[in-house]
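I'd like to ask some things about the structure below.
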Amino acid sequence: MASTKEHMNIVFIGHVDHGKSTTVGRLMFDSGNVPEQEMRKLKDLAQQLGKGGFEFAFVMDNLKEERERGVTIDLAHKRFETPKYYFTVIDAPGHRDFVKNMITGASQADAGVLVVSANMSDGVQAQTKEHVFLSRTLGVNQLIIAINKMDMAKYDEKRFNDVKTEVTALLKTVGYNPEKIQFIPIAALPGDNVFKKSENMAWYTGPNLYEALDKLDLPEKPTNLPMRLPIQDVYNITGIGVVPVGRVETGIMKVGDKVIIIPGREGKGVNAEVKSIEMHHEQLTEARPGDNIGFNLRGVGKKDIARGDVIGHPATPPTLASEFTAQMIVLNHPSVITVGYTPVFHIHTAQVACQVTAILKKLDPKTGQTVAENPDFIKNGDAAILTIKPMQPLVIERQKDIPHMSRFAVRDSGTTVAAGMCIDLVEKKI
(Lines give C-alpha, C1' and ligand atoms only; values in the text may rest on other atoms or scores of the structure.)
Protein backbone atom coordinates (compact mmCIF):
# COMPACT_ATOMS: atom_id res chain seq x y z
CA MET A 1 0.00 0.00 0.00
CA ALA A 2 1.41 3.35 -0.98
CA SER A 3 1.32 5.66 2.03
CA THR A 4 -0.77 8.81 1.75
CA LYS A 5 1.60 10.54 4.18
CA GLU A 6 4.39 12.76 2.90
CA HIS A 7 7.74 10.99 2.68
CA MET A 8 11.03 12.18 4.18
CA ASN A 9 14.52 10.71 4.34
CA ILE A 10 16.15 11.14 7.74
CA VAL A 11 19.73 10.35 8.72
CA PHE A 12 21.01 9.61 12.22
CA ILE A 13 24.52 10.98 12.70
CA GLY A 14 27.03 11.48 15.49
CA HIS A 15 30.26 10.19 16.99
CA VAL A 16 30.89 6.45 17.25
CA ASP A 17 29.30 4.83 20.37
CA HIS A 18 27.13 7.82 21.21
CA GLY A 19 24.06 5.61 20.71
CA LYS A 20 22.79 6.28 17.17
CA SER A 21 21.70 2.72 16.38
CA THR A 22 20.20 2.18 19.82
CA THR A 23 18.20 5.42 19.45
CA VAL A 24 16.85 4.32 16.06
CA GLY A 25 16.03 0.83 17.33
CA ARG A 26 14.27 2.12 20.44
CA LEU A 27 12.29 4.62 18.36
CA MET A 28 11.17 1.97 15.88
CA PHE A 29 10.32 -0.61 18.54
CA ASP A 30 8.43 1.66 20.95
CA SER A 31 6.42 3.20 18.12
CA GLY A 32 5.33 -0.25 16.91
CA ASN A 33 7.40 -0.17 13.72
CA VAL A 34 9.29 -3.35 14.80
CA PRO A 35 7.19 -6.33 15.97
CA GLU A 36 7.55 -7.73 19.50
CA GLN A 37 8.71 -11.22 18.36
CA GLU A 38 11.47 -9.72 16.21
CA MET A 39 12.66 -7.71 19.22
CA ARG A 40 12.70 -10.86 21.37
CA LYS A 41 14.85 -12.64 18.77
CA LEU A 42 17.29 -9.73 18.69
CA LYS A 43 17.45 -9.69 22.49
CA ASP A 44 18.35 -13.40 22.56
CA LEU A 45 20.90 -12.87 19.82
CA ALA A 46 22.46 -9.93 21.71
CA GLN A 47 22.78 -12.08 24.83
CA GLN A 48 24.29 -15.03 22.93
CA LEU A 49 26.88 -12.67 21.50
CA GLY A 50 27.61 -11.33 24.98
CA LYS A 51 26.19 -7.95 23.95
CA GLY A 52 23.21 -7.61 26.27
CA GLY A 53 21.62 -4.20 25.77
CA PHE A 54 22.60 -4.11 22.08
CA GLU A 55 19.24 -5.46 20.92
CA PHE A 56 17.98 -2.04 19.84
CA ALA A 57 21.14 -1.35 17.88
CA PHE A 58 20.59 -4.67 16.10
CA VAL A 59 17.31 -3.40 14.64
CA MET A 60 19.20 -1.15 12.24
CA ASP A 61 22.25 -3.36 11.98
CA ASN A 62 19.96 -6.11 10.79
CA LEU A 63 18.76 -3.83 8.08
CA LYS A 64 22.32 -2.99 7.17
CA GLU A 65 23.07 -6.62 6.47
CA GLU A 66 19.96 -6.88 4.37
CA ARG A 67 21.13 -3.78 2.54
CA GLU A 68 24.52 -5.32 1.87
CA ARG A 69 22.84 -8.44 0.56
CA GLY A 70 20.74 -6.21 -1.66
CA VAL A 71 17.31 -7.07 -0.21
CA THR A 72 15.89 -3.67 -0.95
CA ILE A 73 12.27 -4.83 -0.88
CA ASP A 74 12.45 -5.64 2.81
CA LEU A 75 14.13 -2.33 3.52
CA ALA A 76 11.24 -0.43 1.98
CA HIS A 77 8.85 -2.14 4.38
CA LYS A 78 11.01 -1.28 7.37
CA ARG A 79 10.08 2.31 6.91
CA PHE A 80 9.15 4.28 9.95
CA GLU A 81 5.83 6.10 10.36
CA THR A 82 4.77 8.93 12.61
CA PRO A 83 1.25 10.43 12.66
CA LYS A 84 2.32 13.01 10.07
CA TYR A 85 5.11 11.53 7.91
CA TYR A 86 6.58 8.31 6.75
CA PHE A 87 10.35 8.26 7.00
CA THR A 88 13.10 6.26 5.40
CA VAL A 89 15.64 6.00 8.20
CA ILE A 90 19.32 6.06 7.29
CA ASP A 91 21.55 4.94 10.16
CA ALA A 92 25.05 6.30 9.72
CA PRO A 93 27.55 4.01 11.39
CA GLY A 94 30.91 5.37 10.21
CA HIS A 95 31.46 7.99 7.61
CA ARG A 96 31.76 5.43 4.82
CA ASP A 97 28.14 4.35 4.75
CA PHE A 98 27.06 7.79 5.80
CA VAL A 99 28.54 9.57 2.84
CA LYS A 100 27.57 6.91 0.36
CA ASN A 101 24.00 6.96 1.60
CA MET A 102 23.78 10.69 1.83
CA ILE A 103 25.04 11.42 -1.62
CA THR A 104 24.38 8.54 -3.91
CA GLY A 105 21.08 6.98 -4.77
CA ALA A 106 17.75 8.05 -3.40
CA SER A 107 18.77 8.44 0.20
CA GLN A 108 19.51 12.14 0.22
CA ALA A 109 18.45 13.16 3.68
CA ASP A 110 15.87 15.88 4.18
CA ALA A 111 16.67 16.07 7.88
CA GLY A 112 19.08 14.68 10.44
CA VAL A 113 19.13 13.64 14.08
CA LEU A 114 22.51 14.35 15.67
CA VAL A 115 23.07 12.05 18.64
CA VAL A 116 25.52 13.37 21.26
CA SER A 117 26.32 11.44 24.45
CA ALA A 118 25.90 13.30 27.75
CA ASN A 119 28.25 10.88 29.53
CA MET A 120 30.87 12.97 31.40
CA SER A 121 33.78 11.88 29.17
CA ASP A 122 31.83 12.40 25.91
CA GLY A 123 30.04 15.52 24.64
CA VAL A 124 31.20 16.94 21.30
CA GLN A 125 33.83 14.64 19.73
CA ALA A 126 35.75 14.48 16.44
CA GLN A 127 33.03 12.73 14.44
CA THR A 128 30.36 14.95 15.96
CA LYS A 129 32.14 17.90 14.32
CA GLU A 130 32.77 16.09 11.07
CA HIS A 131 29.19 14.86 10.70
CA VAL A 132 27.79 18.32 11.44
CA PHE A 133 30.07 19.89 8.81
CA LEU A 134 29.24 17.14 6.37
CA SER A 135 25.49 17.54 6.89
CA ARG A 136 25.87 21.20 6.16
CA THR A 137 28.03 20.62 3.07
CA LEU A 138 25.61 18.03 1.78
CA GLY A 139 22.52 20.15 2.20
CA VAL A 140 20.82 18.62 5.26
CA ASN A 141 19.13 21.81 6.36
CA GLN A 142 17.11 20.59 9.35
CA LEU A 143 18.55 18.98 12.46
CA ILE A 144 17.24 17.66 15.77
CA ILE A 145 19.80 17.25 18.56
CA ALA A 146 19.28 14.20 20.78
CA ILE A 147 21.48 14.46 23.88
CA ASN A 148 21.67 10.77 24.74
CA LYS A 149 22.80 8.64 27.72
CA MET A 150 21.14 11.02 30.20
CA ASP A 151 20.80 7.96 32.49
CA MET A 152 24.63 7.88 32.72
CA ALA A 153 24.57 11.58 33.61
CA LYS A 154 22.04 10.84 36.39
CA TYR A 155 19.38 12.81 34.44
CA ASP A 156 21.13 16.00 35.49
CA GLU A 157 19.76 19.21 33.93
CA LYS A 158 23.10 21.00 34.31
CA ARG A 159 24.91 18.30 32.30
CA PHE A 160 22.25 18.58 29.57
CA ASN A 161 22.75 22.36 29.43
CA ASP A 162 26.55 22.02 29.31
CA VAL A 163 26.39 19.67 26.33
CA LYS A 164 23.73 21.87 24.70
CA THR A 165 26.07 24.89 25.00
CA GLU A 166 28.93 22.89 23.45
CA VAL A 167 26.77 21.69 20.53
CA THR A 168 25.28 25.17 19.99
CA ALA A 169 28.78 26.63 19.51
CA LEU A 170 29.57 23.88 16.97
CA LEU A 171 26.34 24.42 15.02
CA LYS A 172 27.02 28.15 14.74
CA THR A 173 30.50 27.57 13.24
CA VAL A 174 28.99 25.80 10.22
CA GLY A 175 26.04 28.13 9.78
CA TYR A 176 23.11 26.33 11.41
CA ASN A 177 20.77 28.52 13.46
CA PRO A 178 20.49 26.88 16.93
CA GLU A 179 17.35 28.94 17.66
CA LYS A 180 15.51 26.80 15.12
CA ILE A 181 16.83 23.48 16.43
CA GLN A 182 15.13 21.27 19.02
CA PHE A 183 17.47 19.90 21.73
CA ILE A 184 16.04 16.81 23.48
CA PRO A 185 17.49 15.00 26.53
CA ILE A 186 17.07 11.25 25.96
CA ALA A 187 18.29 7.90 27.30
CA ALA A 188 17.81 5.50 24.39
CA LEU A 189 18.58 2.23 26.18
CA PRO A 190 15.99 2.63 28.99
CA GLY A 191 13.76 4.59 26.56
CA ASP A 192 13.53 8.03 28.21
CA ASN A 193 12.03 10.72 25.93
CA VAL A 194 12.45 8.66 22.76
CA PHE A 195 8.84 7.61 22.22
CA LYS A 196 7.56 7.91 25.78
CA LYS A 197 7.82 10.97 28.00
CA SER A 198 10.50 10.44 30.66
CA GLU A 199 9.55 10.26 34.35
CA ASN A 200 13.18 11.04 35.21
CA MET A 201 13.47 14.53 33.71
CA ALA A 202 10.56 16.61 35.01
CA TRP A 203 12.69 19.70 34.31
CA TYR A 204 12.32 19.13 30.53
CA THR A 205 8.97 20.21 29.14
CA GLY A 206 9.55 20.01 25.37
CA PRO A 207 8.59 17.25 22.90
CA ASN A 208 10.12 13.77 22.96
CA LEU A 209 12.08 12.60 19.90
CA TYR A 210 9.08 10.94 18.24
CA GLU A 211 7.00 14.11 18.60
CA ALA A 212 9.88 16.32 17.40
CA LEU A 213 10.04 14.39 14.11
CA ASP A 214 6.56 15.60 13.24
CA LYS A 215 7.65 19.19 13.85
CA LEU A 216 10.14 18.96 10.94
CA ASP A 217 9.16 20.91 7.84
CA LEU A 218 8.54 19.06 4.63
CA PRO A 219 11.25 20.18 2.22
CA GLU A 220 9.95 21.96 -0.85
CA LYS A 221 9.61 19.73 -3.87
CA PRO A 222 11.84 21.38 -6.48
CA THR A 223 9.21 21.28 -9.24
CA ASN A 224 10.20 24.77 -10.44
CA LEU A 225 13.74 23.68 -11.40
CA PRO A 226 14.63 22.13 -14.77
CA MET A 227 13.75 18.42 -14.95
CA ARG A 228 16.58 16.07 -13.98
CA LEU A 229 16.19 12.31 -13.77
CA PRO A 230 19.40 10.28 -13.31
CA ILE A 231 19.08 6.72 -14.66
CA GLN A 232 19.60 3.91 -12.13
CA ASP A 233 19.01 0.91 -14.42
CA VAL A 234 17.75 0.05 -17.88
CA TYR A 235 15.56 -2.98 -18.58
CA ASN A 236 14.58 -4.47 -21.91
CA ILE A 237 11.05 -5.80 -21.46
CA THR A 238 9.53 -8.04 -24.14
CA GLY A 239 6.53 -6.45 -25.77
CA ILE A 240 7.24 -3.04 -24.21
CA GLY A 241 10.81 -2.23 -25.16
CA VAL A 242 13.42 -0.24 -23.31
CA VAL A 243 12.33 0.71 -19.76
CA PRO A 244 14.76 2.94 -17.83
CA VAL A 245 14.19 3.40 -14.09
CA GLY A 246 15.26 6.26 -11.82
CA ARG A 247 14.17 8.89 -9.37
CA VAL A 248 13.02 12.34 -10.40
CA GLU A 249 15.37 14.75 -8.59
CA THR A 250 13.93 18.05 -9.85
CA GLY A 251 11.22 19.28 -12.19
CA ILE A 252 8.31 17.31 -13.63
CA MET A 253 8.22 14.61 -16.31
CA LYS A 254 4.93 14.12 -18.18
CA VAL A 255 3.71 11.49 -20.60
CA GLY A 256 4.16 12.91 -24.11
CA ASP A 257 7.16 15.07 -23.14
CA LYS A 258 10.04 15.42 -25.59
CA VAL A 259 13.20 14.66 -23.62
CA ILE A 260 16.96 14.47 -24.11
CA ILE A 261 19.26 11.82 -22.63
CA ILE A 262 22.75 13.12 -21.73
CA PRO A 263 25.50 12.05 -22.31
CA GLY A 264 23.68 9.12 -23.99
CA ARG A 265 25.29 7.10 -26.75
CA GLU A 266 28.77 8.40 -27.71
CA GLY A 267 28.28 11.42 -25.43
CA LYS A 268 26.26 13.31 -28.05
CA GLY A 269 22.85 13.24 -26.41
CA VAL A 270 19.82 11.22 -27.56
CA ASN A 271 16.34 12.66 -28.19
CA ALA A 272 13.23 10.71 -27.22
CA GLU A 273 9.59 10.98 -26.24
CA VAL A 274 8.00 9.75 -22.99
CA LYS A 275 5.44 7.08 -23.91
CA SER A 276 4.36 5.94 -20.43
CA ILE A 277 5.33 6.32 -16.74
CA GLU A 278 4.77 3.76 -13.99
CA MET A 279 5.32 3.79 -10.21
CA HIS A 280 4.49 0.88 -7.85
CA HIS A 281 2.79 -0.84 -10.83
CA GLU A 282 0.43 2.08 -11.37
CA GLN A 283 0.34 4.17 -14.54
CA LEU A 284 1.01 7.88 -13.98
CA THR A 285 0.45 10.86 -16.26
CA GLU A 286 3.33 12.76 -14.62
CA ALA A 287 6.19 12.17 -12.17
CA ARG A 288 7.39 14.68 -9.59
CA PRO A 289 10.55 15.06 -7.43
CA GLY A 290 11.10 12.06 -5.16
CA ASP A 291 9.13 9.66 -7.37
CA ASN A 292 10.95 6.42 -8.23
CA ILE A 293 9.61 5.51 -11.64
CA GLY A 294 9.98 3.17 -14.58
CA PHE A 295 9.14 4.70 -17.96
CA ASN A 296 9.02 3.78 -21.61
CA LEU A 297 10.67 6.01 -24.20
CA ARG A 298 9.85 6.20 -27.89
CA GLY A 299 12.82 6.29 -30.25
CA VAL A 300 15.43 4.80 -27.92
CA GLY A 301 17.41 1.58 -28.26
CA LYS A 302 19.03 -0.40 -25.43
CA LYS A 303 22.47 0.99 -26.35
CA ASP A 304 21.33 4.63 -26.30
CA ILE A 305 20.85 4.88 -22.54
CA ALA A 306 22.74 3.64 -19.49
CA ARG A 307 23.04 4.05 -15.72
CA GLY A 308 24.52 7.48 -14.95
CA ASP A 309 22.86 9.20 -17.91
CA VAL A 310 20.50 12.05 -17.00
CA ILE A 311 17.20 12.92 -18.65
CA GLY A 312 16.03 16.50 -19.07
CA HIS A 313 13.96 18.62 -21.41
CA PRO A 314 15.67 19.82 -24.62
CA ALA A 315 15.06 23.51 -23.72
CA THR A 316 16.97 23.11 -20.40
CA PRO A 317 19.21 20.08 -21.01
CA PRO A 318 21.38 18.47 -18.30
CA THR A 319 24.84 20.07 -18.11
CA LEU A 320 27.80 18.12 -19.43
CA ALA A 321 30.99 19.33 -17.73
CA SER A 322 34.46 19.22 -19.27
CA GLU A 323 35.80 20.29 -15.86
CA PHE A 324 34.33 21.54 -12.59
CA THR A 325 35.34 23.39 -9.43
CA ALA A 326 34.48 21.52 -6.25
CA GLN A 327 34.34 22.28 -2.56
CA MET A 328 35.39 19.04 -0.92
CA ILE A 329 36.20 17.58 2.49
CA VAL A 330 38.68 14.70 2.91
CA LEU A 331 37.31 12.07 5.27
CA ASN A 332 39.28 8.91 5.09
CA HIS A 333 42.31 8.91 2.82
CA PRO A 334 45.28 6.67 3.75
CA SER A 335 47.89 9.31 2.79
CA VAL A 336 47.49 12.63 0.97
CA ILE A 337 45.65 13.92 -2.11
CA THR A 338 47.74 15.76 -4.70
CA VAL A 339 47.28 17.02 -8.26
CA GLY A 340 47.00 14.01 -10.59
CA TYR A 341 44.98 11.89 -8.15
CA THR A 342 42.28 10.08 -10.18
CA PRO A 343 39.71 8.25 -8.00
CA VAL A 344 36.10 7.34 -8.85
CA PHE A 345 33.52 10.08 -8.25
CA HIS A 346 29.98 8.97 -7.39
CA ILE A 347 27.67 11.73 -8.62
CA HIS A 348 23.89 11.00 -8.61
CA THR A 349 23.89 7.53 -10.24
CA ALA A 350 27.07 8.06 -12.28
CA GLN A 351 30.42 6.56 -11.34
CA VAL A 352 33.18 8.28 -13.27
CA ALA A 353 36.95 8.46 -12.80
CA CYS A 354 37.90 12.13 -12.35
CA GLN A 355 41.32 13.73 -12.00
CA VAL A 356 42.32 16.45 -9.56
CA THR A 357 43.96 19.06 -11.85
CA ALA A 358 44.51 21.84 -9.28
CA ILE A 359 44.16 22.41 -5.53
CA LEU A 360 43.18 26.06 -5.36
CA LYS A 361 42.62 26.63 -1.62
CA LYS A 362 42.69 24.81 1.65
CA LEU A 363 39.84 25.79 4.00
CA ASP A 364 39.24 25.52 7.72
CA PRO A 365 36.50 22.87 7.83
CA LYS A 366 34.84 24.49 10.83
CA THR A 367 34.58 28.02 9.44
CA GLY A 368 35.12 27.71 5.69
CA GLN A 369 37.87 30.40 5.86
CA THR A 370 40.86 30.04 3.50
CA VAL A 371 43.95 28.85 5.37
CA ALA A 372 46.28 28.28 2.39
CA GLU A 373 46.36 29.17 -1.33
CA ASN A 374 47.50 26.50 -3.85
CA PRO A 375 48.71 23.95 -1.25
CA ASP A 376 50.78 20.98 -2.52
CA PHE A 377 48.44 18.43 -0.95
CA ILE A 378 45.41 17.94 1.30
CA LYS A 379 44.85 15.19 3.88
CA ASN A 380 42.22 13.80 6.27
CA GLY A 381 40.09 16.47 7.90
CA ASP A 382 41.01 19.14 5.34
CA ALA A 383 38.42 20.98 3.29
CA ALA A 384 39.49 22.45 -0.04
CA ILE A 385 38.48 24.03 -3.33
CA LEU A 386 39.78 21.98 -6.27
CA THR A 387 39.55 21.81 -10.04
CA ILE A 388 38.42 18.39 -11.27
CA LYS A 389 38.46 16.90 -14.77
CA PRO A 390 36.11 13.97 -15.57
CA MET A 391 37.79 11.22 -17.61
CA GLN A 392 34.57 10.48 -19.51
CA PRO A 393 31.38 12.46 -20.22
CA LEU A 394 29.66 13.45 -16.99
CA VAL A 395 26.52 15.38 -16.04
CA ILE A 396 26.88 17.57 -12.95
CA GLU A 397 25.25 20.88 -11.98
CA ARG A 398 26.36 23.89 -9.95
CA GLN A 399 25.21 23.91 -6.32
CA LYS A 400 23.53 27.30 -6.82
CA ASP A 401 21.58 26.14 -9.91
CA ILE A 402 20.43 22.61 -9.07
CA PRO A 403 21.83 21.59 -5.65
CA HIS A 404 20.33 18.08 -5.95
CA MET A 405 22.68 17.33 -8.86
CA SER A 406 25.82 18.97 -7.46
CA ARG A 407 26.87 16.60 -4.67
CA PHE A 408 29.36 13.78 -4.89
CA ALA A 409 31.27 11.16 -2.94
CA VAL A 410 34.83 10.15 -3.83
CA ARG A 411 35.61 6.47 -3.47
CA ASP A 412 38.92 4.66 -3.73
CA SER A 413 39.71 0.98 -3.02
CA GLY A 414 36.26 0.35 -1.61
CA THR A 415 36.07 3.23 0.86
CA THR A 416 34.69 6.74 0.73
CA VAL A 417 37.66 9.08 0.93
CA ALA A 418 35.98 12.45 0.41
CA ALA A 419 32.70 14.24 -0.21
CA GLY A 420 31.72 17.55 -1.68
CA MET A 421 29.76 19.60 -4.16
CA CYS A 422 30.27 21.35 -7.49
CA ILE A 423 30.39 25.13 -7.14
CA ASP A 424 31.31 25.99 -10.75
CA LEU A 425 31.94 24.26 -14.06
CA VAL A 426 33.05 24.57 -17.66
CA GLU A 427 30.22 23.38 -19.87
CA LYS A 428 30.98 20.99 -22.70
CA LYS A 429 28.76 21.67 -25.70
CA ILE A 430 27.25 18.62 -27.39
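The values are calculated or read from the model by the stated rules, or taken from the named source; none is laboratory data. Quantities reported herein were computed from a predicted structural model and do not represent experimental measurements. Neighbour counts run over all protein chains shown; Cβ positions are idealised from the backbone, glycine included.
Could you give every pair whose Cβ atoms fall below 8 Å, whose first residue belongs to region 194-206 and is assigned by TED's automatic domain parsing to the domain that holds residue 184, and whose second residue is among the acidic types (Asp, Glu) and assigned to a loop (DSSP other than H, G, I, E, B), counting only separations of at least 6 or pairs across chains?
200/151
In this structure, does residue 266 turn out to be charged (D, E, K, R), within 24 Å of residue 428 (Cβ to Cβ) and either in the same structural domain as residue 398 (by TED's automatic domain parsing) or free of Cβ contacts under 8 Å to residues at least 24 places away in the same chain (or both)?
yes
Test residue 374 against the stated conditions and say whether it is out of contact with any Cys (no Cβ under 8 Å at 6 or more places or on another chain), on the phi > 0 side of the Ramachandran plot, surrounded by fewer than 16 Cβ atoms within 10 Å (Cβ to Cβ) and polar (S, T, N, Q).
Details: out of contact with any Cys (no Cβ under 8 Å at 6 or more places or on another chain): yes; on the phi > 0 side of the Ramachandran plot: yes; surrounded by fewer than 16 Cβ atoms within 10 Å (Cβ to Cβ): yes; polar (S, T, N, Q): yes.
For residue 374, the condition - out of contact with any Cys (no Cβ under 8 Å at 6 or more places or on another chain), on the phi > 0 side of the Ramachandran plot, surrounded by fewer than 16 Cβ atoms within 10 Å (Cβ to Cβ) and polar (S, T, N, Q) - is met.
Per-residue answers, yes or no, for (1) assigned to a loop (DSSP other than H, G, I, E, B); (2) over 15 Å from residue 111 (Cβ atoms):
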residue	(1), (2)
147	no, yes
160	no, yes
165	no, yes
171	no, no
190	yes, yes
204	yes, yes
216	yes, no
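Could you check, for region 371-381, whether at least one of its residues is in contact with a Leu (Cβ under 6 Å, 6 or more places away or on another chain), modelled with pLDDT under 95 and either of a type in the set (A, V, I, L, M) or not in a strand (DSSP E or B) (or both)?
To start, the set of residues in region 371-381 that are in contact with a Leu (Cβ under 6 Å, 6 or more places away or on another chain) comprises none.
No, there is no match, as no residue in region 371-381 is in contact with a Leu (Cβ under 6 Å, 6 or more places away or on another chain), modelled with pLDDT under 95 and either of a type in the set (A, V, I, L, M) or not in a strand (DSSP E or B) (or both).
Just to check your reading of the model, which residue among 284, 331, 297 is in the same structural domain as residue 244 (by TED's automatic domain parsing), among the aliphatic types (A, V, I, L, M) and buried (at least 21 other Cβ atoms within 10 Å of the Cβ)?
Answer to the selection: 297.
If you don't mind, another one. Anything in region 299-348 that is of a type in the set (D, E, K, R) and in contact with a Lys or Arg (Cβ under 7 Å, 6 or more places away or on another chain)? List them, or say none. Talk me through it step by step, then tell me what you get.
Applying the first criterion (of a type in the set (D, E, K, R)) to region 299-348 yields 302-304, 307, 309, 323.
The answer is 303, 304, 323.
Specify which of the listed residues (176, 235) is in the same structural domain as residue 304 (by TED's automatic domain parsing) and among the aromatic types (Phe, Trp, Tyr). First the steps, then the outcome.
Values: 176 fails: in the same structural domain as residue 304 (by TED's automatic domain parsing).
Only one candidate qualifies: 235.
Could I ask something else about it? Please go through region 265-285 and give me each residue that is closer than 22 Å to residue 392 by Cβ and at pLDDT 90 or above, ordered by number. Let's see the steps before the verdict.
Keep residues of region 265-285 that are closer than 22 Å to residue 392 by Cβ, which gives 265-272.
Scanning region 265-285 gives 269, 270, 271, 272.
So, one more: What pairs can you find where one residue is in region 338-352 and assigned by TED's automatic domain parsing to the domain that holds residue 380 and at pLDDT 90 or above, the other is among the acidic types (Asp, Glu) and not in a loop (DSSP other than H, G, I, E, B), and their Cβ atoms are less than 6 Å apart, with a gap of 6+ or different chains?
343/412
Restricting the search to region 210-231, which residues are in contact with an Asp or Glu (Cβ under 8 Å, 6 or more places away or on another chain), within 30 Å of residue 32 (Cβ to Cβ) and modelled with pLDDT of 90 or more?
Within region 210-231, 210, 216 meet the criteria.
Quick one: in region 400-430, which of the residues that are part of a loop (DSSP other than H, G, I, E, B) and either at positive phi or in contact with a helix residue (DSSP H, G or I) (Cβ under 9 Å, 6 or more places away or on another chain) (or both) is surrounded by the fewest Cβ atoms within 10 Å (Cβ to Cβ)?
First pass over region 400-430, keeping only residues part of a loop (DSSP other than H, G, I, E, B): 400-402, 406, 413-414, 428-430.
Right, trim to either at positive phi or in contact with a helix residue (DSSP H, G or I) (Cβ under 9 Å, 6 or more places away or on another chain) (or both) and you get 413-414, 428, 430.
Values: 413: 8, 414: 6, 428: 15, 430: 13.
Taking the candidates together, the pick is 414.
Go through region 196-222 and count every residue that is surrounded by 15 or more Cβ atoms within 10 Å (Cβ to Cβ) and touching a Lys or Arg at 6+ places or on another chain (Cβ under 7 Å).
Of the residues in region 196-222, 3 are surrounded by 15 or more Cβ atoms within 10 Å (Cβ to Cβ) and touching a Lys or Arg at 6+ places or on another chain (Cβ under 7 Å).
Quickly run through region 110-146 and pick out the residues that are of a type in the set (A, V, I, L, M), more than 21 Å from residue 351 (Cβ to Cβ), at pLDDT below 85 and within 12 Å of the chain's Cα centre (by Cα).
At the first step, the residues of region 110-146 found to be of a type in the set (A, V, I, L, M) are 111, 113-116, 118, 120, 124, 126, 132, 134, 138, 140, 143-146.
Filter once more, keeping what is more than 21 Å from residue 351 (Cβ to Cβ): 111, 113-116, 118, 120, 124, 126, 132, 140, 143-146.
Filter again for at pLDDT below 85, leaving 120, 124, 126, 132, 140.
The one that is of a type in the set (A, V, I, L, M), more than 21 Å from residue 351 (Cβ to Cβ), at pLDDT below 85 and within 12 Å of the chain's Cα centre (by Cα): 140.
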